[in-house]
Structures are given as C-alpha cells and as structure tokens.
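Have a look at the structure below, then the notes.
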Amino acid sequence: MDDRLLPVLLLLLGVSGPWGQGQEPEAPSEALPEESTGEEAPKEDDGILVLSNRTLSLALQEHSALMVEFYAPWCGHCKALAPEYSKAAALLAAESAAVTLAKVDGPAEPELTKEFGVVGYPTLKFFQNGNRTNPEEYLGPKKAESIAEWLRRRVGSSATRLESEEDVQALIDKWDVVVIGFFKDLQEEDVATFLALAKDALDMTFGLTDQPQVFQKFGLAKDTVVLFKKFDEGRADFPVDKETGLDLGNLSRFLITHSMHLVTEFNSQTSPKIFAAKILNHLLLFVNQTLAEHRELLTAFREAAPQFRGQVLFVTVDVAADNSHVLNYFGLKTEEAPTLRLINIETKKKYAPTGVAPITALSVAAFCQAVFHGEIKPYLLSQEIPPDWDQRPVKTLVSKNFEQVAFDETKNVFVKFYAPWCSHCKEMAPAWEALAEKYRDREDIVIAELDATANELEAFTVHGYPTLKFFPAGPDRKVIDYKSTRDLETFSKFLDSGGDLPEEPKEPVISASEAQANSTLGPKEEL
C-alpha cells in the first residue's frame, strides 16, 4: 500500500493518520546465560516454538514452512497479538497444514534482530525451505484467521481450481466477494500473476478455471478476471489485454475499487479497507443514524456515488456512534450533522460545501465537481485564540496566532507541536514547563505549544508527536528542527546556542499517520 494513503483513514480512526501510541522500551534485558555446548531442541509455548540464536537454524532444518514472530516482552502490541498468534497455530494444526509458528524474544537476541532487519515489534517473518536469506514479512491484519489464511496461501494454492459450472456457482454462493480468473490456458504467465495477487488479498476468495462451458455460462469469450459480489452491481469484469498481459498493479486497483461498497459506513471494521482503497478523494456524509430524516439522506448519497466510482470513495459517519475523533479531525460538532466534507488523502486538504443547501444526489455531485474544478478552496482547522494564551510561562498557540508569534522577527520562539493523547508528549511536559519557567523573564525568548490535532498550518504539516521546532529571530523566517534529547539541560543548551546543537539519538516520536491506527493492534513499537 502507498505510504501516503495510509494516513488518511487512519485519521478517521484516530485524530491522526490523515483522516496517534506506543510504549517505550524499558531497560535492556539482562545478559543471556552462557551458551551451552550442545545443540538444544526448541521449547514450545502454547503451540508456538520458542527460538533463540542457537535454535533457529535447527528449526529451519526441521520445518519447511516457518513463521517467526520477533517480539519484546514489554511491547503492548505483542501482548495483544499473543492469543491471536496461538489461535492461528491451532487452526493450522487442526488442518494438518505443513506450516509451523515460532517466536523470538528480540531484545534478548540482538544478533537475530540485526540479521533480519527487525526495527519494531511485533515483526513477523516467513521462511520457506530452510532459506534464511530472504524471509517474507507478514504485513496483514494481526488476527488469527488472517494469519492462518496468509500461510495457507503460501504452502498451498491461493486459488481454488474450478472444473464445472456447479463449482463456480457454489463458490459464488458461499462468499460475499469472490474473484474468479477465467483463463483458457492455465500455464500462461497471466495465471501466475493472478495467483501472486491472490496470495495477499486476504479479504477475497479466489478461484480459476479453464473450462469452455464455464466461459460460455458467464458470457465470456476471452481471458477475464471477474469479481462477483452480493451487493451493488453484483459483478465487475476485468478483461486481460492479450498484448500487454495481466498487469498486477491495475488488477489490484480494480479489485480494491470494485470490492468496496458504493457507500461504506465508517467503523473500526471497515476503516482498514477504506484507507487501503488507494482512492485519493474521500467524501464523508456526517449523519445521526438515530434520526429518520438523516437516514433518508443515505438514498440520495448513494445515487450520486456510481458516477464517481474509482475517483471518490463515499463514506458515511454516524455522529451518534463513537466517532468523535473523526468529528474533531474535520472540526465538526455533532449538531452540525447532516453535512458533507471531502478530503484528499494525499494532500490532506479538506473541503466543505459553500452556503446551505439540501443534501440531494445533485447537490452531492455538484459539491464534488466544484472541488475538482477548483471552485471551492480548502479550509484549515483552528481553535479560537484563548484570552489568556500568553499569561502562562508556556504560551498557547493556535492556527490563528501562530504566524504572528512564531515569525516575530524580534523573538526566538521554541514550539512544541503535540497531541493531547500522546504518551511521549505527556512525558516531556514537565521539562517543557520547567524550560518556560527558566526563561520567563527573557523578552527575546518564547516557549510555546500548539495542539497539532486541532490546528493546521499552511507553512508545514506536522508528521509526528511531539515535534519541536525553533524559529530564531530575524526576517528570513528560518525554521530549525530540534532532534536531540528532551530534557531541561539539553533544551537550555539549544536555546543558549541560538539553535545550534550537535544532533544526538532521537527521542521516540508517535507518527501522526500511525498513532491510534485503525488496525486492531495498532502500529509496531520502536526498538
């Protein structure tokens, strides 16, 4: 998935990600016991092999298909994954699948984490046929069935061979979304492309056939990938270009686009797919689903959707549900529903309708077209300037007073961009307050903070929390990123040197596109 996309719907789910929480590592692990001279057999914990630097080689020799989770004992995401990982092992064992699940304590095995490029926890690597040179990393949902299905598709076929009309119909009837490749020659390269895509598309079921009577049954005369679904149009065809062959990227975009409902309700289950859809424009209808007059608007919203298929993703947000983070991100209050907002998840620009008009299919379509034609300008979120914004040692900035304060030519301004829920921001807060107190009598120095989840700036975008920037006095609007240790002593050295400090190891930062992510377990935790 494109890294630029992921942010947005994440935002929907969390005040960050376009549409932010990690734990910090604890003290280093105690020294390992001295190595034993003999080769030891791997231990087992709840169906999972427990491996070390000494036993990994043995496990790779004994198991032709081996998934290894690199975890840290203090990692919250790893603790949440543990029962799902064990359940996946049980599912596969019950099927006698030729695959084994294992785990490695990363902090206790630094040689292995370095060898396999582990930079966060949990990281899952899949090894086949004893090859430890190029393991495949698992990037799918951290749920038992998803992990098990991903592994099934690697040790077996990723698509079911269909020999008759009855086979095809049975598969279509069983699942909400089914993708079937109709290929006249199953030895062609296009089939390999199709099967490669099927390995990772865990939310769809795949089949393939070369039977002439099945082609005829579904009205096909040439190689075609067909998506069957129990909603909207019911079917979407992707003919294979015989000149250029089956393009993996184009097919992937086609399947993602057409497997989505024309209108998707935003919630924790749908948000991953919304953000993975690779459709840059998201149109949101905010409604209160408890009100009949609001529910009636959904029909008009749906009627406008087909003409924008693939260009705009239509999403409904229920303001009566637990979606306050979405409202906050768009600067909305519950009582403002029903209303529309459009966001481009690449540029992060947000748009609102001008004036007041009823929500109809025509008005919805007209709003989209007005945005695309540049007739509506994007808006920036800003809180109101607090009356006492400059009364405390730490000055309070919002979008509306940021330019005036940060780029004051007579002041050296040090700003913390934070998120209210960010653990790293909370941890450094006492040092920031102490810094402001230390320099409160200096007329040329301002220590300030800005809630970056509620205020947006034209000058730059904040990508992680906390972000610290220094705006030295002068007319050239210079901005210096602070990337050193977050303590009073180092902050003071930085200020006293006019913003010049040798760069030291970075303190932890919660990414605005990952924090409070829409996945069940959230982002990996940093080493």
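Here are some notes:
- Test result for A305, farther than 21 Å from V177 by Cβ and either acidic (D, E) or at pLDDT 95 or above (or both): no
- Taking the criterion of being in a helix (DSSP H, G or I), open to solvent by 30 Å² or more (accessible area, probe 1.4 Å) and not β-branched (V, I, T), the residues of region 326-361 that qualify are N328, E335, E336.
- Residue in region 89-112 that is closer than 23 Å to D200 by Cβ, at pLDDT 95 or above, open to solvent by less than 20 Å² (accessible area, probe 1.4 Å) and hydroxyl-bearing (S, T, Y) present: no
- In region 451-468, the residues that are under 18 Å from E427 (Cβ atoms) form Cβ pairs under 6 Å with partners that are open to solvent by 40 Å² or more (accessible area, probe 1.4 Å) and part of a strand (DSSP E or B), at six or more places apart or across chains, as follows: Y465/Y418; P466/Y418.
- In summary, A429 fulfils each of the numbered conditions (1) within 29 Å of the chain's Cα centre (by Cα); (2) surrounded by fewer than 18 Cβ atoms within 10 Å (Cβ to Cβ); (3) part of a loop (DSSP other than H, G, I, E, B) with the single exception of condition (3).
- Residue match in region 191-201 (condition: acidic (D, E) and open to solvent by less than 30 Å² (accessible area, probe 1.4 Å)): no
- Failed item in (1) touching a helix residue (DSSP H, G or I) at 6+ places or on another chain (Cβ under 8 Å); (2) part of a loop (DSSP other than H, G, I, E, B), with D322 passing the rest: (1)
- F238 passes every criterion in (1) open to solvent by 10 Å² or more (accessible area, probe 1.4 Å); (2) of a type in the set (F, W, Y); (3) modelled with pLDDT of 95 or more; (4) part of a helix (DSSP H, G or I) apart from (4).
- Filter result (open to solvent by 10 Å² or more (accessible area, probe 1.4 Å) and either more than 17 Å from P338 (Cβ to Cβ) or of a type in the set (A, V, I, L, M, F, W, C) (or both)) within region 269-294: Q269, T270, P272, K273, A276, K278, L280, N281, L291, A292
- Only listed residue being over 24 Å from L151 (Cα atoms), aromatic (F, W, Y) and in a strand (DSSP E or B), chosen from F228, F215, F206: F228
- Every listed requirement among (1) under 30 Å from G499 (Cβ atoms); (2) open to solvent by 70 Å² or more (accessible area, probe 1.4 Å) is met by V394 save one, (2).
- One residue stands out among those in region 309-319 that are in contact with a helix residue (DSSP H, G or I) (Cβ under 8 Å, 6 or more places away or on another chain) and open to solvent by 20 Å² or more (accessible area, probe 1.4 Å): the one that is modelled with the highest pLDDT, which is R309.
- The one condition from (1) open to solvent by less than 10 Å² (accessible area, probe 1.4 Å); (2) at pLDDT 95 or above that F266 does not meet is (2).
- Candidate set from region 132-153 (those that are out of contact with any helix residue (DSSP H, G or I) (no Cβ under 9 Å at 6 or more places or on another chain) and over 13 Å from A201 (Cβ atoms)); member that is most open to solvent (accessible area, probe 1.4 Å): N134
- Hits in region 206-217 - residues which are closer than 25 Å to G249 by Cβ and open to solvent by less than 30 Å² (accessible area, probe 1.4 Å): F206, G207, L208, T209
- Checked against (1) open to solvent by 20 Å² or more (accessible area, probe 1.4 Å); (2) touching a Phe, Trp or Tyr at 6+ places or on another chain (Cβ under 8 Å); (3) hydrophobic (A, V, I, L, M, F, W, C), F471 passes all but condition (1).
Residues are listed down the side, and each one gets a yes or a no for (1) among the charged types (D, E, K, R); (2) more than 28 Å from S271 (Cβ to Cβ); (3) open to solvent by 30 Å² or more (accessible area, probe 1.4 Å); (4) modelled with pLDDT of 95 or more:
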| site | (1), (2), (3), (4) |
| --- | --- |
| N455 | no, no, no, no |
| A459 | no, yes, yes, no |
| G464 | no, no, no, no |
| D500 | yes, yes, yes, no |
| S519 | no, no, yes, no |
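- Output for region 156-190, where each listed residue is in a helix (DSSP H, G or I), closer than 21 Å to N250 by Cα and either open to solvent by less than 30 Å² (accessible area, probe 1.4 Å) or of a type in the set (S, T, N, Q) (or both): D190
- Taking the criterion of being over 25 Å from V155 (Cα atoms) and outside any loop (DSSP other than H, G, I, E, B), the residues of region 48-77 that qualify are G76, H77.
- Looking only at residues of region 364-373 that are surrounded by 15 or more Cβ atoms within 10 Å (Cβ to Cβ) and either among the polar types (S, T, N, Q) or in contact with a Leu (Cβ under 8 Å, 6 or more places away or on another chain) (or both), we find that the one that is farthest from P306 (Cα to Cα) is V371.
- Pair list, Cβ < 7 Å and 6+ apart or interchain, from region 230-259 residues that are closer than 20 Å to L171 by Cβ to residues that are open to solvent by 30 Å² or more (accessible area, probe 1.4 Å) and in a strand (DSSP E or B): L251/F238; F254/F238
The values are calculated or read from the model by the stated rules, or taken from the named source; none is laboratory data. Bear in mind the structure is a predicted one, so any value in this text is a computation, not a measurement. Here the Cβ is made from the backbone with ideal geometry for all residues, glycine too, and neighbour counts use every protein chain on show. Ligands, DNA and RNA are excluded from the accessible area calculation, which covers all protein heavy atoms including side chains. Shrake-Rupley method; radii C 1.70, N 1.55, O 1.52, S 1.80 Å.
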